[in-house]
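Read the structure below first, then the notes.
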Amino acid sequence: MSAELFSDPEKMEAPWGTRAAVDRENSLHLAPEAKVAAVRRIRVLHPAYDNAIQFVQRTFDKFGRFEDPGGGRIIAQSGGGKSAVVQHMVEKYPKIDTPERLIVPVLAISVSSAPRIGSILDSILAECSFFLTNSKLRATEDLKIPGKVDSVIEAFARCQVRLLMVDEFSHVGERRQGPMSKEITNTMKLIYSATKVGQIFLGEENANLPFEQNGQLRTRLPGMISLHMFEYGTEFLGVLQSFDEQLPMRYQAGLAAPDISFALHVASGGQMRTLVKILSEAVYIAASGNDDKISHKHLKIAYDYVTGGDPKLHNPFSAIGK
């Protein structure tokens with residue numbers, strides 16, 4: 001690792017800029033619990049994440065302009081940032097409840113373990129307020145699968161859906177699913193053809209299997225993006241610096257400095273979800289003690305809180321400052 005990566009870490013600027021969603025100056029006076037929420041709202045537009053966001057945004061923008069808007073898969077290990085992509089789009093295009101209808105620009109669902117096509121369709125319909133008393137649609141329990149499919153198509157038009165995002169799609173690819181996987185992908189293909197709404201499926205490696213089994217769905221939704229765990233290097237340091245610039249603390253912590261950055265990589269395993277958990281805990285501990293910034297002491301305690309504090313487990317922050 002080149003020493004130039006660490007030159008003046010307090011003065012480093014994140015290479016991808018920061019996101020305006022978290023107003024750092026206004027968040028300085030928040031309660032500790034609110035500061036934790038602010039940390040969890042931080043989005044770091046590192047290259048892989050930004051590429052995924054742009055891919056999804058292009059699919060969203062094609063609605064109504066392209067007969068075949070497409071879509072595809074976003075593949076990542078658990079904690080690799082898939083759900084953050086979904087959250088980004090849902091926050092950017094929230095539901096709008098009007099007197100005439102509920103508008104759902106981005107319809108996002110999560111697939112449960114051992115899914116069936118009926119449960120997936122029910123989840124879609126629920127997001128379109130299928131169960132509201134003023135809905136013109138029938139109750140789902142009264143419908144068989146073809147009726148539910150027709151209702152989804154009608155609900156997409158009624159709620160002006162422009163993009164469908166399906167998280168945890170790797171459950172569909174589990175081998176025990178067998179023929180059910182093909183039924184699910186055939187139904188999603190039918191909905192795509194009928195609505196011309198782009199579809200994005202997110203999951204771990206198993207999410208590829210349904211596409212391999214259904215060539216027609218694969219050609220209609222050909223995109224594939226991979227989100228990776230961070231290795232210890234320039235990209236990870238840039239992520240840490242971007243977090244440092246956005247954390248709701250008065251002063252930066254020097255997260256990209258050699259000792260803290262290496263400890264954070266060991267502690268998180270290069271996984272974004274674990275990194276955010278550790279930083280959130282550290283901010284809560286520091287804010288509860290009226291400290292102006294987080295330090296390695298806060299990070300050490302935060303790591304124990306996140307992992308359970310097993311004394312047999314080495315705490316990577318223990319040696320810092322000694």
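Regarding region 82-99, can at least one residue be identified that is modelled with pLDDT under 95, small (Gly, Ala, Ser) and open to solvent by less than 70 Å² (accessible area, probe 1.4 Å)? Yes: region 82-99 contains one or more residues that are modelled with pLDDT under 95, small (Gly, Ala, Ser) and open to solvent by less than 70 Å² (accessible area, probe 1.4 Å). Applying the condition of being part of a loop (DSSP other than H, G, I, E, B), within 21 Å of the chain's Cα centre (by Cα) and of a type in the set (Gly, Ala, Ser) to region 256-310 and asking which residue is farthest from His46 (Cα to Cα) yields Gly269. Applying the criterion of being within 24 Å of Met224 (Cβ to Cβ) and either among the β-branched types (Val, Ile, Thr) or part of a helix (DSSP H, G or I) (or both) to the residues of region 100-112, the residue that is modelled with the lowest pLDDT is Val111.
Kindly establish whether Tyr251 is in a helix (DSSP H, G or I) and either open to solvent by 10 Å² or more (accessible area, probe 1.4 Å) or of a type outside the set (Phe, Trp, Tyr) (or both). Against the criterion (in a helix (DSSP H, G or I) and either open to solvent by 10 Å² or more (accessible area, probe 1.4 Å) or of a type outside the set (Phe, Trp, Tyr) (or both)), Tyr251 does not qualify.
Considering the conditions (1) touching a strand residue (DSSP E or B) at 6+ places or on another chain (Cβ under 9 Å); (2) open to solvent by 60 Å² or more (accessible area, probe 1.4 Å); (3) closer than 30 Å to Ala256 by Cα, Pro222 is excluded by exactly one of them, (3). Within region 193-219, the residues that satisfy the criterion of being within 21 Å of Ser110 (Cβ to Cβ) and open to solvent by 10 Å² or more (accessible area, probe 1.4 Å) are Thr195, Glu204, Glu205, Asn206, Asn208, Leu209.
Which of the following residues is among the small types (Gly, Ala, Ser), modelled with pLDDT under 90 and in a helix (DSSP H, G or I): Ala21, Ala34, Ala14, Ala48? The match here is Ala48.
Within region 74-90, residues that are under 13 Å from Val44 (Cβ atoms) have Cβ atoms under 6 Å from residues that are open to solvent by 30 Å² or more (accessible area, probe 1.4 Å) in these pairs: Gly81/Met272, counting only partners at least 6 apart in sequence or on another chain.
Looking at region 113-125, can you tell me whether even one residue there is without any contact (Cβ under 8 Å) to a residue 12 or more places away in the chain, open to solvent by 40 Å² or more (accessible area, probe 1.4 Å) and part of a helix (DSSP H, G or I)? Scanning region 113-125, I find at least one residue that is without any contact (Cβ under 8 Å) to a residue 12 or more places away in the chain, open to solvent by 40 Å² or more (accessible area, probe 1.4 Å) and part of a helix (DSSP H, G or I), so the answer is yes. Residues in region 271-302 that are free of Cβ contacts under 8 Å to residues at least 40 places away in the same chain, in contact with a Ser or Thr (Cβ under 9 Å, 6 or more places away or on another chain) and closer than 18 Å to Lys35 by Cα: Leu275, Lys277, Ile278, Ala282, Ala286, Ala302.
The values are calculated or read from the model by the stated rules, or taken from the named source; none is laboratory data. Computed from a prediction, not measured in an experiment: that's the story for all the values here. Methodologically, a virtual Cβ is constructed for each residue, glycine included, from the backbone with ideal geometry; neighbour enumeration extends over all protein chains shown. For accessibility, only protein heavy atoms count, side chains too; no ligands or nucleic acids. Shrake-Rupley method; radii C 1.70, N 1.55, O 1.52, S 1.80 Å.
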